[in-house]
Every structure is written in C-alpha cells, then in structure tokens.
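Enquirer: Below you'll find the structure I mean.
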Amino acid sequence: AQTVTQSQPEMSVQEAETVTLSCTYDTSENNYYLFWYKQPPSRQMILVIRQEAYKQQNATENRFSVNFQKAAKSFSLKISDSQLGDTAMYFCAFEDSGGGADGLTFGKGTHLIIQP
Amino acid sequence: NAGVTQTPKFRILKIGQSMTLQCTQDMNHNYMYWYRQDPGMGLKLIYYSVGAGITDKGEVPNGYNVSRSTTEDFPLRLELAAPSQTSVYFCASTLGGNAAYEQYFGPGTRLTVT
C-alpha cells in the first residue's frame, strides 16, 4: 500500500512571495503518477499539476511547478508570485499507473494562507 | 456538460437512520469513485466502480454499500448511520483505468450524524 505524507499542516506567506509545499511518499511501484490538488473553501477539488514518475522533467503549469525527486520519493510544489486566490488546502496525491481503479491516495493536506 | 453532480449538498442524520448519497456524471466515464474526507484529513477511498454492474471496495468500505446500474449513476448507501460517518463525501469519475486520465470531482456532500 502507498502512503503520502505532508509534514506542513499550515503555511503562511505574503502576497507575491514564493512558497514551497512538501510531500513525501512511499511505494514499491516503479510507474505511478503524483498530483497536487487545491481545495478552496468551496470544497471543490481542483487539479493543480501532475507528474508522471517515468518523466524526469519536472512538470510546470504557469506559476506552479514541482520538484520531483524519485529516488528520495519527494514531490514538492512551488508556487511563484503567490496570489490571494491561492489560499486553500493543498493535497498531495499518488496513483499507481497500473490501473486507475485503485483511486488516489491522499496526504493530510497543507493549509496555505496568502496574506495581503 | 454538468460534470459530476452530487445531491444533497448537506444532510443531518440521526444515529441509526439510513440515506443514499446520489452521484451522477454526464461525461460517459467508465470509472467512478466515492471518497470521504474527515476533518483535517485527506480523502480516503470508500468504493469504486469500473463500469456498470461492477463495484469493489476501497480502503474504508465498512458501513457503506454501492450499486452501479448505469454508466451515469453511482449512489452510495449508508445503513444504520453512526457518528463516525460524519464526514464530507466526494464522488469522482474518470474516463479510463489509467492514472493518465484526470479524476473529476463533484462538489461534495457534508453529512453530520448526531
């Protein structure tokens, strides 16, 4: 079974600053996907970015980028030029690429607060 | 497309009551999931379905039942509600059995059992 650990329950930064959220995971699988989801107060789960384990290049989506270290089983999310609308819970998640039927395994989340 | 819809948005149950949480998707997705999110925690998989007529247990299935009679609908049944089932419930769907396909989530149902 996979486990996902997010060691930062809450983080707070000033608007326009850069912030990095940490995530580590444990798996015996070699092929898998990693995800960062955003959950604003509306509760809606929004996919922010994803990384395929067999791709060495770190994924980037506009202001969001990841630092994927497969050997260390680490998958951090960097948010550049943070905005007030980035305030939300952020969840790191894992999925075995062998079959989507297993669903996603989530960490406990990091509450990110962007201060004006 | 409405995407994934869930009803109701909120519900309060008394201990021992039962209810069905409804989930519908209009994207013709084969795979559907039910997750629960307890306070301060990430989502945990309750049940999933890989197609009409096929369901299987996830990580935390006790106290729940599901059915999948159509591609579109995946209701979650709570029998004999208990306070431990107080949670937010999310339904999700995806096109295929491969993690390359994005999971689309519904807006969630907040359930309180007192």
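The values are calculated or read from the model by the stated rules, or taken from the named source; none is laboratory data. Being a predicted model, the structure only gives us computed values, none of them experimental. Reconstructed Cβ throughout: ideal geometry from the backbone, glycine too, with neighbour counts over all protein chains shown. Ligands, DNA and RNA are excluded from the accessible area calculation, which covers all protein heavy atoms including side chains. Shrake-Rupley method; radii C 1.70, N 1.55, O 1.52, S 1.80 Å.
Enquirer: Considering only strands (runs of 3 or more DSSP E) fully contained in the range B:8-89, which possess at least 2 residues that are away from chain A (no Cβ under 11 Å)?
Expert: Result: B:10-13, B:19-25, B:64-66, B:76-78.
Enquirer: Determine, yes or no, whether B:GLY58 is crowded, with 17+ Cβ neighbours inside 10 Å, without any contact (Cβ under 8 Å) to a residue 60 or more places away in the chain and under 26 Å from A:LYS108 (Cα atoms).
Expert: Yes: the conditions hold for B:GLY58.
Enquirer: Within the range A:57-70, identify whether any single residue is open to solvent by less than 10 Å² (accessible area, probe 1.4 Å) and charged (D, E, K, R), and answer yes or no.
Expert: no
Enquirer: Here are some conditions: (1) farther than 26 Å from B:LYS44 by Cβ; (2) touching a strand residue (DSSP E or B) at 6+ places or on another chain (Cβ under 6 Å). A:HIS111 meets all but one. Which one does it not meet?
Expert: (1)
Enquirer: A further question follows. Before we move on, is B:TYR47 hydroxyl-bearing (Ser, Thr, Tyr) and open to solvent by less than 50 Å² (accessible area, probe 1.4 Å)?
Expert: It is true that B:TYR47 is hydroxyl-bearing (Ser, Thr, Tyr) and open to solvent by less than 50 Å² (accessible area, probe 1.4 Å).
Enquirer: On to the next question. Looking at A:TYR37, is it farther than 29 Å from B:GLN6 by Cα, open to solvent by less than 20 Å² (accessible area, probe 1.4 Å), in a strand (DSSP E or B) and touching a residue at least 12 places away in the same chain (Cβ under 8 Å)?
Expert: No.
Enquirer: Anything in the range A:65-116 that is under 22 Å from B:MET32 (Cα atoms), touching a Cys at 6+ places or on another chain (Cβ under 8 Å) and more than 8 Å from every other protein chain (Cβ to nearest Cβ)? List them, or say none.
Expert: A:CYS92
Enquirer: I'd like to check which strands (runs of 3 or more DSSP E) are fully inside the range A:58-116 and have at least 1 residues that are at pLDDT below 95.
Expert: A:88-96
Enquirer: Do you know which of the residues in the range B:1-32 that are of a type in the set (Ser, Thr, Tyr) and out of contact with any Asp or Glu (no Cβ under 6 Å at 6 or more places or on another chain) is nearest to B:LEU45 (Cα to Cα)?
Expert: So the residue we want is B:TYR31.
Enquirer: Could you tell me how many of the residues in the range B:90-114 are open to solvent by 40 Å² or more (accessible area, probe 1.4 Å), over 26 Å from A:PHE35 (Cα atoms) and part of a strand (DSSP E or B)?
Expert: Of the residues in that region, 1 qualify.
Enquirer: Considering each residue of the range B:68-84, count those that are closer than 21 Å to B:GLY42 by Cα, open to solvent by 10 Å² or more (accessible area, probe 1.4 Å) and not hydroxyl-bearing (Ser, Thr, Tyr), and give that number.
Expert: The qualifying residues number 2.
Enquirer: A follow-up question, please. What about B:THR20, is it under 23 Å from A:ALA93 (Cβ atoms), open to solvent by 40 Å² or more (accessible area, probe 1.4 Å) and among the polar types (S, T, N, Q)?
Expert: For B:THR20, the condition - under 23 Å from A:ALA93 (Cβ atoms), open to solvent by 40 Å² or more (accessible area, probe 1.4 Å) and among the polar types (S, T, N, Q) - is not met.
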